[in-house]
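Down below is the structure, laid out as structure tokens.
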């Protein structure tokens, strides 16, 4: 009789463990199979935003990024929903660097932003044309030029590296090096100087946008768009917006 009770209690325990495990697996499966499907921006939604609204979404998105609280998205669903058209809210010019995942840095999804990338985040005719398309034709409200710490292109420009097509590319960054007033060590080994040149390069790029694109300059003066600069902190993930 005693053995029968022990055996019965054993089977009850096994059943309870199995049920608990099944419930946990079910909850896990639901979380894995039901990510948030954030709606892809419509033209009406995008047009209702002001340049400052867009900038604020970037600031808030970066806060989520540094707190490891990115929005869960069903990218496959977003791909299908964005296929008929796109209405991005901003254009971001970033460096080529693989350590700067632009969409993640601002917690943006498919169809949210145009991203142009080139080593040293400078502008040329092609990138200016892309920005004009993004803003004047497609309706984006913000242009963000984003440099980053420890930038290899900035360091190469400081050291006046000569190598193939890299030489011509670095010539676009050289004015930003020359503009920095600095009495200390003006080499890539001096991180303080590198940081100053990085910020100078962002500012110079914005000046180039305004000087070489009458279209974007006029849009900014009319309040249709905002052109801002920022530097990404590689150690923290924080985007520091420049005044």
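Numbers for the structure displayed
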{"item": "The range 132-243 - Kirkwood radius from inverse mean 1/r over Cα pairs (Å)", "result": "15.1 Å"}
{"item": "Scattering profile of the range 40-241 at q = 0.12 Å⁻¹ [log10 I(q)/I(0), Debye over alpha-carbon scatterers]", "result": "-0.62"}
{"item": "Principal semi-axes in Å for the range 190-243 [√(5λ), Cα gyration tensor, largest first]", "result": "26, 14, 6"}
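Every number in this text was worked out from the coordinates using simple rules, so none of it is lab data. Here the structure is a predicted model, which means the values were calculated and not measured.
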